[in-house]
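Notes to accompany the following structure.
The values are calculated or read from the model by the stated rules, or taken from the named source; none is laboratory data. Predicted model only: the values in this text are computed from it and were never measured. No Cβ is skipped: glycine too gets one built from the backbone with ideal geometry, and neighbour counts run over all protein chains shown.
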């Protein structure tokens, strides 16, 4: 191919790439966009890398069939297309990753709960090693070709100086192109990192201010994706905690409303009561009941356990107690009736309630009480 003019060779390369690029939109829809969002950047790299390899194959086939160039002389073109495919594919992959990130941020999708972790250190190492190998390979190829070329030029001062300048310019041009490609990848990757970092900090800022309505989209398979996944788990935990606290607060208000708000009046007696829970809610309960014949009933009860479950059980017991007091005759009959009702509800759960009931007869100046597992 050294006998071809730069213009002729450029036309052949351009036609080969143009033919494949015309097919690229169709291939993107059928190979890249149908994949899961996290897999699309990898497929974008493979597609563009394959396009460059295919272009080198088309060029070599054309040179062999139309121009009669031997296939063994096509190594430099294949290597050049592989290197171009590597950089073009990485840039396409980063662009697709950025598109996936922006789409996830706009839609608010959280992505998978667990991701296939691929650390950034491995990405950087693979990129650095591959770039070093490609640069070294290019320089070796250039040096070998230039040494062969220098050996065939005339040995006069002007020719040697011109040859030195030509070799220097060629190396500088190649290094400049490689540097531009590398810097472009660095800038493209920096944009992605900035998007991920800003989105993560914005969500965490909202969480700090108590806003748990948003989650961090899991748009990558590296440390940022892992951090986003853990952050979403944390947000779910905080939501559950706030819901639980709200439920406990509501249960506490309901239970406080079940307790008497004022002490009853009983001639010649001072009656007062107060309940202080060790938790926000519990199974402790006391109440006063006006009984027939100017009698006063006082009950103290406690359901097993603590928290919402005990409070719900005590709410049921209170309902049984209020209903049974309507037909009150004596403390023993009252508690026996309540015990029968509670046993039906708690026969399989294993929960139980203790109760103490006191009857004060202000006319006869006497009291009688009964305990059902609850000490007076």
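The residues of segment 287-300 that are in contact with a helix residue (DSSP H, G or I) (Cβ under 9 Å, 6 or more places away or on another chain) and within 13 Å of residue 274 (Cα to Cα), listed by number, are 287, 299. When you scan segment 311-324, do you find a residue that is at pLDDT below 85, surrounded by 16 or more Cβ atoms within 10 Å (Cβ to Cβ) and in a strand (DSSP E or B), even just one? No, the conditions are met nowhere in segment 311-324. Per the conditions (1) touching a helix residue (DSSP H, G or I) at 6+ places or on another chain (Cβ under 9 Å); (2) part of a loop (DSSP other than H, G, I, E, B), the sole criterion not satisfied by residue 271 is (1). Can you confirm whether residue 215 is exposed (fewer than 13 other Cβ atoms within 10 Å of the Cβ) and either in contact (Cβ under 8 Å) with a residue 12 or more places away in the chain or in the same structural domain as residue 37 (by TED's automatic domain parsing) (or both)? Against the criterion (exposed (fewer than 13 other Cβ atoms within 10 Å of the Cβ) and either in contact (Cβ under 8 Å) with a residue 12 or more places away in the chain or in the same structural domain as residue 37 (by TED's automatic domain parsing) (or both)), residue 215 does not qualify.
For residue 328, indicate whether it is closer than 19 Å to residue 251 by Cβ, touching a helix residue (DSSP H, G or I) at 6+ places or on another chain (Cβ under 9 Å) and not in a helix (DSSP H, G or I). No; evaluated as a whole, the condition is false for this residue. Of the residues making up segment 87-116, those that are farther than 16 Å from residue 185 by Cα, at pLDDT 75 or above and surrounded by fewer than 17 Cβ atoms within 10 Å (Cβ to Cβ) number 4.
Screening segment 49-73 for residues that are over 12 Å from residue 12 (Cβ atoms) and outside any helix (DSSP H, G or I) and picking the one that is modelled with the lowest pLDDT gives 70.
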